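Everything below concerns the one structure shown next.
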Number of protein chains: 2
Amino acid sequence: MAVTIPARLGKATRLGAGKSLKLTNTYGSQVVDTWAFIAANMNEFMSMEHSRAAIGGIFPHVGDMMVTNHREPILTLVEDTSPGIHDTLIAACDRYRYEHLGCVGYHDSCTDNLVAALCEFDLTPPETPSPWNMWMNIPIAADGSVSFEPPVSKPGDYVVLRAERDVVVAFSCCPQDILPINGTDCVPQKCYFEILD
Amino acid sequence: MAVTIPARLGKATRLGAGKSLKLTNTYGSQVVDTWAFIAANMNEFMSMEHSRAAIGGIFPHVGDMMVTNHREPILTLVEDTSPGIHDTLIAACDRYRYEHLGCVGYHDSCTDNLVAALCEFDLTPPETPSPWNMWMNIPIAADGSVSFEPPVSKPGDYVVLRAERDVVVAFSCCPQDILPINGTDCVPQKCYFEILD
């Protein structure tokens, strides 16, 4: 059964150990912030700073196992039809980001979407872990500088993630509509996921 | 007055807004994990994932302002006599790291050192923020892969950090003695800091 992640919003799901989930970039241009928490202990969660050490790099490749803040495997990237450009460096957007960009009044954010998505399961994130930003295109130059660019993925591209533990996975279709991180038209789009048999 | 950060251990200090602190790599080969918290609100702290977005890169340069998880300036790098190779990508070492490296029994870790250093001020970190790893040499190849290399700094190299808010700064002389991240001899060394007038 396909579950929609509405444009600008978040959605979470439980995923049992050994089960896989297919996340599809319906329109190709959408960044999806992704988190995973150990179902039995929300204080243990997927950590980008621990995963970069574990996988030996900043770009997860097919076969790479992302790890928790306790350095235990949590999600494995088992399939990726896109060019494999996913960000592990940049924080989830938040109210402060949009305030600095000049927004007046409330603006959706991936940080708030994480809280709302988990709330449907009566869960609260202990903090905002730095997310795995699926399809987010942050090129790094030789001097270490980074830039924020539109995704290089195409409509229908998907990743398959396998749970290595019983986890709760949360997604946010990034609501960034000021910078072209969700495509040059700056229009956030919906995506969807399916739990595979 | 110079304050020693003992080899393998941590040390914290309060630093008022506008004040600067000089951190010296006595032997040149030591990595110093560095954290900063807003004194009036420990839930706001220096964040690598927010700072990389703010400074537009993974390597802080002289003049760069590191920001908090609320995207507010917290520490500015105002002087650096070393080649400027400081890591923002890798998690603090922790008990899990040393267990995976085969250590039996207790091993000092930067994560525990942060807790102990703040404890002297009756403070508790709300989480373990990803640290600013001063002098830690993590080269990134063009394909995004990283490696763990000895520091390129020399004895007596120092950085000067200016507080943009009233902060508590914590340091840990990394106790890693299995991988050559603190020099090829794998011997962690002490460092020291001074608060400047």
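The values are calculated or read from the model by the stated rules, or taken from the named source; none is laboratory data. From a predicted model like this one, the values you see are computed outputs, not experimental measurements. A quick note on method: Cβ atoms are made from the backbone with ideal geometry, for glycine too, and the neighbour counts reach across all protein chains shown. Each accessible area value is taken on the protein alone, full model and side chains, heavy atoms only, with ligands, DNA and RNA left out. Shrake-Rupley method; radii C 1.70, N 1.55, O 1.52, S 1.80 Å.
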I'm told B:Asp122 meets every condition in (1) away from every other protein chain (no Cβ under 14 Å); (2) touching a residue at least 40 places away in the same chain (Cβ under 8 Å); (3) open to solvent by 50 Å² or more (accessible area, probe 1.4 Å); (4) among the charged types (D, E, K, R) except one. Can you identify the failing condition by its number?
(2)
I need the full set of residues from the range B:138-150 which are within 18 Å of the chain's Cα centre (by Cα) and open to solvent by 20 Å² or more (accessible area, probe 1.4 Å), in order please.
B:Pro139, B:Phe148, B:Glu149, B:Pro150
Selected residue (only one of A:Ser130, A:Ser109, A:Ser51 is over 26 Å from B:Gly144 (Cα atoms) and within 14 Å of chain B (Cβ to nearest Cβ))
A:Ser109
Identify all residues within the range B:145-159 that are among the acidic types (Asp, Glu) and farther than 13 Å from B:Ile90 by Cα; write none if there are none.
B:Asp157
Hey, among A:Arg95, A:Arg52, which residue is of a type in the set (Lys, Arg), farther than 23 Å from B:Ile90 by Cα and modelled with pLDDT of 95 or more?
A:Arg95
Which residues, counting only those in the range B:54-103, are in contact (Cβ under 8 Å) with a residue 60 or more places away in the chain, more than 9 Å from chain A (Cβ to nearest Cβ), touching a strand residue (DSSP E or B) at 6+ places or on another chain (Cβ under 7 Å) and surrounded by fewer than 24 Cβ atoms within 10 Å (Cβ to Cβ)?
B:Met65, B:Pro73, B:Thr76, B:Leu77, B:Val78, B:Glu79, B:Asp80, B:Thr81, B:Ser82, B:Ile85
